[in-house]
1. State whether the residues of the stretch 327-349 include one that is surrounded by fewer than 14 Cβ atoms within 10 Å (Cβ to Cβ), modelled with pLDDT of 85 or more, among the small types (Gly, Ala, Ser) and within 22 Å of residue 56 (Cβ to Cβ).
2. Checking the structure you have, find out if any residue of the stretch 32-49 is open to solvent by less than 40 Å² (accessible area, probe 1.4 Å), under 25 Å from residue 118 (Cβ atoms) and out of contact with any Ser or Thr (no Cβ under 7 Å at 6 or more places or on another chain).
3. Of everything in the stretch 248-293, what is closer than 14 Å to residue 220 by Cα and open to solvent by less than 40 Å² (accessible area, probe 1.4 Å)? Give them in sequence order.
4. Of the residues that sit in the stretch 43-85 and are part of a loop (DSSP other than H, G, I, E, B) and among the basic types (Lys, Arg), which one is farthest from residue 390 (Cα to Cα)?
5. Applying the selection to the stretch 119-132, what residues are in a strand (DSSP E or B), over 12 Å from residue 2 (Cα atoms) and touching a residue at least 24 places away in the same chain (Cβ under 8 Å)?
6. Which residue pairs have Cβ atoms under 8 Å apart, sit 6 or more places apart or on different chains, and have a first residue in the stretch 290-312 that is more than 23 Å from residue 169 (Cβ to Cβ) and a second that is hydroxyl-bearing (Ser, Thr, Tyr)?
7. If we keep just the residues of the stretch 153-164 that are of a type in the set (A, V, I, L, M) and surrounded by 24 or more Cβ atoms within 10 Å (Cβ to Cβ), which is farthest from the chain's Cα centre (by Cα)?
8. Going by the structure shown, is residue 344 in a helix (DSSP H, G or I), under 25 Å from residue 98 (Cβ atoms), in contact with a Leu (Cβ under 7 Å, 6 or more places away or on another chain) and among the hydrophobic types (A, V, I, L, M, F, W, C)?
Amino acid sequence: METDFCVVGGGPAGLTIALLLLRSGARVTLVERHRPGSREFRGEILQPGGMALLDQLGVLAGAKAKGCFRLDRFQLVDRGRPLLDIDYRRLPAPYDHLLSLPQEHLLDELLAQCAGEEGFTCLMPAHAKELIRESGRIAGVVCAGAEGRTDVLAHCVIAADGRYSKVRRLAGIDNLRAEAFDLDVLWFKVPLAGGREPNVRIFRGRGNPVLAYPSYPDQLQLGWTLPHGSYGEFVRRGLGPVLDEVCAAVPRYAETIRARITDRRRLSLLDVFAARARSWALDGLLLIGDSAHTHSPIGAQGINLAIQDAVVAHPILMESLRQGDASRAFLDRYTRLRGPDIDAVMKMQVMQSKGMLSRGRRGAVARQVMARILPHTPVLDRITRRIALGNPGIRVATDHLVVNR
């Protein structure tokens, strides 16, 4: 099978870049190992920057129509008292809020729009088994799926297959992992009880902090933070001590948590780490999204970064196709453009993690000072805009799109 671009990974980054390339007249083959609806996602918060780009693509309305919640505020709640209250409604409309949007709704809409474009081929379920190399460059992917082996030859392979990227490993690119965040997150959902509050919150109290937000249609997503690498110790002690710790941090949900979480199969552990691939480009290959850089869930940046990665990569890839040049030197234009933004997000996340989730007296004093000073300075608005919008200069390169295809 011959194509212009072979995109491996059907998450937000992979499907967004696929749609942009298709609408620019390119042929795209998507390789995705999971069938729609066959897995559960934890990342559901969409920031205003991602919303704006999806709206430019005509994707946001359809995804929202499948069901979502509008969220207006981010709050740090310390022993029942809001210590920090960030009101997204202070941002310019219409992107003056967060969305709790099931990732499946977004991916279904992106996939449906890709399927409506000429030149789209979808291999699903299928996975990358080998990389095809010709004259020292990556020239395609050997895929294994329900119908057997498929060799996909491409001008450029785009790795968008996540933090544990198979394509990155097959290409021999080291992933430079750093333990920048001294925590992991244990995710689980419980039924919404007592009404839905339109907020994303971090609860601090006795025990480790807990992240919480309403999840469509009728659940509350909770993420209990615990010291990095310590989950094995809690497992050996049994489920009871885990629930005791969680309920101590969010006593308002204690009854619901104990009734709902009856075994560990309802819990999902996220190994939190920072990582950056040593190279984002080789001859014939470009890495985007979590394949290129991995982040903490703090600040809900995952989907935003994936969409913005695709939008930045799109014009570079189309120019690469037109010039017939998929060399590393050409594709590294993406690295030079996107690298500083990713570095800035990483620094911000480390600062957020230390400020809001750290334990000990020093962290507590820093939070009290932050809560007293930040709301009365322009710094809080600047931080909010950075978290919400990312790089505001990122826009869909409409001059590359084919109108009314």
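The values are calculated or read from the model by the stated rules, or taken from the named source; none is laboratory data. It should be emphasised that the depicted structure is a prediction, and the values quoted were computed from it without experimental measurement. Using ideal geometry, Cβ is built from the backbone for each residue, glycine included, and neighbour counts are taken over all protein chains shown. Surface accessibility is based on the protein's heavy atoms, side chains included, excluding ligands, DNA and RNA. Shrake-Rupley method; radii C 1.70, N 1.55, O 1.52, S 1.80 Å.
1. no
2. Checking the stretch 32-49: at least one residue is open to solvent by less than 40 Å² (accessible area, probe 1.4 Å), under 25 Å from residue 118 (Cβ atoms) and out of contact with any Ser or Thr (no Cβ under 7 Å at 6 or more places or on another chain).
3. 250, 253, 254, 256, 257, 261, 267 - these are the residues of the stretch 248-293 that are closer than 14 Å to residue 220 by Cα and open to solvent by less than 40 Å² (accessible area, probe 1.4 Å).
4. Checked the stretch 43-85; the qualifying residue farthest from residue 390 (Cα to Cα) is 79.
5. Residues of the stretch 119-132 that are in a strand (DSSP E or B), as a first pass: 120-123, 126-132.
Cutting the leftovers down to over 12 Å from residue 2 (Cα atoms) gives us 122-123, 126-132.
Correct list: 122, 123, 126, 127, 128, 130, 131.
6. Qualifying pairs under 8 Å: 298/353; 307/16; 311/16; 312/334.
7. In the first step, residues of the stretch 153-164 are kept if they are of a type in the set (A, V, I, L, M); the result is 153-154, 157-160.
With surrounded by 24 or more Cβ atoms within 10 Å (Cβ to Cβ) added as a condition, the list becomes 154, 157-160.
On the way: 154: 26, 157: 21, 158: 17, 159: 15, 160: 11 Å.
Within the stretch 153-164, the match that is farthest from the chain's Cα centre (by Cα) is 154.
8. Spelling it out, it is not the case that residue 344 is in a helix (DSSP H, G or I), under 25 Å from residue 98 (Cβ atoms), in contact with a Leu (Cβ under 7 Å, 6 or more places away or on another chain) and among the hydrophobic types (A, V, I, L, M, F, W, C).
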